[in-house]
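Below: the structure, in structure tokens.
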Amino acid sequence: MRKNPTLQHSNTPSPHHPNTPSLQHSFAFLPAMNVVLVEPEIPPNTGNVARLCAATGTTLHLIEPFGFALEDKQLKRAGLDYWQHLAWHRWTSWSEFEKQLPPRARLWLIESNGPRNYAAVDYSPGDYLVFGRETAGLPQAILGQYRDQWLRIPIFHAQVRSLNLSNCVSLVLYEALRQQGFVGET
């Protein structure tokens, strides 16, 4: 069973209070999964993903530029009052994010037309699940760099181009957690 997290401060301001550092959680018995949103554009999607990450003990990484201000009311509303329970980081660019990655970090890029189905890989604690902008997806340069880790979520209708970002994060994150036996479920 997961112990109560210890709280650590980040230099990143809280979306609720821009001048207040966010709280970072450290789960002693459960290496967290990581969700990465590259240049998110729609505040309610990001807020929903933040709530999902808080509920699952997953660390959220937000990579600029954003299509909204972190003080956006829709972002706060979608995240409800869970922002205070969320471990999250704000990065100024993809390159800044990459610099902090541990040496053996495993990144899984979820994007249309990926060569492998998201359910066909074995996820491990600490993996990074990377998602792109709602309107444009992940940049081709990033996809090319991590081609072997490019995954797709199946779509069964040719006229449907994509799924909602927060739904995609939910699908893939919960598959990863299912494979790990839902360790830490309360």
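Here, each number is a calculation from the coordinates, and none is a lab measurement. None of the values given here were measured: they were computed from a predicted structure. Heads up, the Cβs are rebuilt from the backbone with ideal geometry, glycines too, and the neighbour counts pull from every protein chain shown.
A simple packing score, the average count of other Cβ atoms within 10 Å per residue, orders the peptides 136-143, 39-46, 112-119 as 39-46, 136-143, 112-119, with the highest score first. Taking amide hydrogens as placed 1.01 Å from N in the peptide plane, the amide H of ASP127 sits under 5 Å from those of ASN34, each at least 5 positions away in sequence or on another chain. Computed extension gain for SER95 through ARG147, at 0.36 nm per residue and net of the alpha carbon distance, reaches 17.0 nm. For region 121-186, the Kirkwood estimate of hydrodynamic radius, built from reciprocal distances between every pair of different alpha carbons, is 13.6 Å.
Per-residue Karplus couplings for region 181-186, computed as 6.51 cos²θ - 1.76 cosθ + 1.60 with θ equal to phi - 60°, are listed in order as x, 6, 4, x, 4, 9 Hz, Gly and Pro entered as x. Fewest-first ordering of ARG90, ARG152, ARG104 by other beta carbons within 10 Å of each residue's beta carbon gives ARG104, ARG152, ARG90.
Distance distribution P(r), region 38-186, all Cα-Cα pairs, bin width 5 angstrom from 0: 2, 9, 19, 23, 23, 16, 8, 2, 0 percent. Put in order of Cβ neighbour count within 10 Å, fewest first, the listed residues PHE66, PHE131, PHE156, PHE182 become PHE156, PHE182, PHE66, PHE131. The calculated FRET efficiency for the pair ASP81 and ALA105, based on their C-beta separation and a Förster distance of 30 Å, comes to about 0.45.
Annotation: the residues CYS168, CYS53, sorted from fewest to most other C-beta atoms within 10 Å of their own C-beta, follow the order CYS168, CYS53. If R0 is 25 Å, what FRET efficiency do you get for ARG161 and ARG116 from their C-beta distance, rounded to 0.05? Efficiency, from the Cβ-Cβ distance: 0.80.
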